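S.K.: Attaching a single structure in structure tokens format; questions to follow.
Read-outs throughout are calculated quantities, based only on the coordinates presented, and are distinct from any laboratory measurement. Everything quoted here is computed from the prediction, not taken from an experiment. Cβ atoms come from the backbone with ideal geometry, glycine included; neighbour counts cover every protein chain shown.
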Amino acid sequence: MADSENGGAAKRLKTDAENDCGDAGEPISDSLVSDFEIGRILRDCAREKNIFIHGKVKDQDAVVILEKTPIRQDTLSELLKSSQLKLEMKNDVYSTYQLQAPAHLNEIKTTVVCPATEKHVKKYLHQEVFLVEESGEDYRNLTLPYISSQSFSVQWVHNILEKKAEADRIVFEDPDPDTGFVLLPDFKWDQKQLQDLYLIAIVHRKDVKSLRDLTSEHLPLLTNIRSKGEDAIQRQYSVPPSKLRVYLHYQPSYYHLHVHFTSVEYDAPGCRVERAHLLSDVIQNLQADSSHYHNRSLAFPLRADDGLLLKFKEAGKV
Ligand code: M7G
């Protein structure tokens, strides 16, 4: 598959790690993961083959995410030819083995958040989830004051828009200040295979927090993201629009408008109905009613320890 215009997949892992620790202003070193002292396991998912660990790197809180990546079709024959097979059991026509692959075909995608805040730790901790229904009024009275004081920093987003980070990963940019955006691989995607393709379009405008702020004024922005984002993905990865799921999250984790582009066959985290809003539906809703997202009730999941859930409980809404 094609690499991004300005940089290849080989640079990826280091770039992500640099961004994550960039806030601390410290140079990243290869010892980052080996210096990591394991604290507790936040989540361990055998089916998704990932594990989220909270710990310390030189007295700083850190979260390390390890994830086995999909098996790549383009390296299959090398994998089968150059690996060693250790027999586990044999019975009639059935046999199972441990396949020991060469190191370069056996990488583990690793994401480091350092220094990690308590909110990062909570984000990755497995929690009981509740569905909340938020009216337009609830948004203004409960959610907006809460997210204004509590949400994650969007410094990483500003770094991307200002080319201070991930500049070599940008796949497409429309620099228009009102309708423009930057399209780049999401840090959940290692860009090594298209099955789990995942890009995000981050808008240049800094005055749109989420779906709730959108009105018909933003239709040129949204249609531009859809058409130019889809074109860029078709050009760069030869993936047509009919193979893409293009959507916004509500609630997002980061309150600077961005749109997710994932492979329609990839069961991406957060792509379920209670959180994902298809961009084409959003566009049609705004075409029908400019204040749709100001007035409509929107449902979304909140984890048991989310401070916003407490606000909804205190207001007798849950
Ligand atoms: P979201 O809907 O705000 O929240 O999406 P979510 O993280 O709960 O899905 C933000 C998206 O930005 C997610 O898909 C993240 O994986 C992605 N993302 C987060 N960070 C901190 C970075 C980053 O530093 N670089 C890139 N390229 N993507 C990021």
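S.K.: Please give the calculated 222 nm ellipticity per residue for the chain, where each DSSP H segment of at least 4 residues contributes -39500 (n - 2.57) and the sum is spread over every residue; nearest 500 deg cm²/dmol?
M.R.: Helix contribution divided over all residues of the chain: -7000 deg cm²/dmol.
S.K.: A further question follows. Explain nothing, just the number: relative contact order of the chain, from Cα pairs under 8 Å at least 6 residues apart, as a whole percent.
M.R.: Details: 516 pairs, mean separation 59.6, N = 318.
Computed value for the chain: 19 percent relative contact order.
S.K.: Separate question: Give me D for the chain in µm² s⁻¹, whole number, from Stokes-Einstein with Rh from the Kirkwood sum over alpha-carbon pairs, 37 °C and 0.692 mPa s.
M.R.: 153 µm²/s
S.K.: If R₀ is 22 angstrom, what is the calculated FRET efficiency for the pair A304 and D207, using the beta carbon separation as r and rounding to 0.05?
M.R.: Working: r = 32 Å, r/R0 = 1.47.
Calculated transfer efficiency: 0.10.
S.K.: Per 10 Å bin, what is the whole-percent P(r) computed from every C-alpha pair distance within the stretch 132-315?
M.R.: P(r) for the stretch 132-315, in whole percents per bin: 9, 37, 37, 16, 2, 0.
S.K.: Which GluC sites (Glu not before Pro) from the stretch 204-300 combine a DSSP loop assignment with at most 13 other Cβ atoms within 10 Å?
M.R.: E265, E274
S.K.: Right, next: Of K68/K313; K163/K243; K123/K163, which sit over 32 Å apart, Cα to Cα? Intermediate values should be presented prior to the final figure.
M.R.: Details: K68/K313 38 Å; K163/K243 29 Å; K123/K163 27 Å.
Over 32 Å apart, Cα to Cα: K68/K313.
S.K.: Right, something else. For L278, project a label point 7 Å along Cα to C-beta. Then give me every residue of the stretch 186-226 with its amide nitrogen under 17 Å of that point.
M.R.: Answer for this model: 223, 226.
S.K.: Using 0.36 nm times the number of residues separating K58 and S149, minus their current alpha carbon distance, what extension gain do you get? Each step should come with its number before you reach the end.
M.R.: On the way: separation 91, 0.36 × 91 = 32.76 nm, distance 2.89 nm.
Contour length minus the Cα-Cα distance gives 29.9 nm.
S.K.: Provide the gained length on full extension for the span H294 to C45, in nm with one decimal, where the gain is 0.36 nm per separating residue minus the Cα-Cα distance.
M.R.: Numbers: separation 249, 0.36 × 249 = 89.64 nm, distance 3.70 nm.
That pair, H294 and C45, stretches by 85.9 nm at full extension.
S.K.: Another one. In vacuo Debye scattering of the stretch 229-318, one point per C-alpha: log10 I(q)/I(0) at q = 0.20, 0.23 Å⁻¹?
M.R.: Log10 of I(q)/I(0), two decimals: -1.08, -1.25.
S.K.: One-quarter of the Cα convex hull surface for the stretch 36-124, in nm²?
M.R.: On the way: hull surface 32.0 nm².
Spelled out: convex hull of the Cα atoms, projected over all directions, averaged, 8.0 nm².
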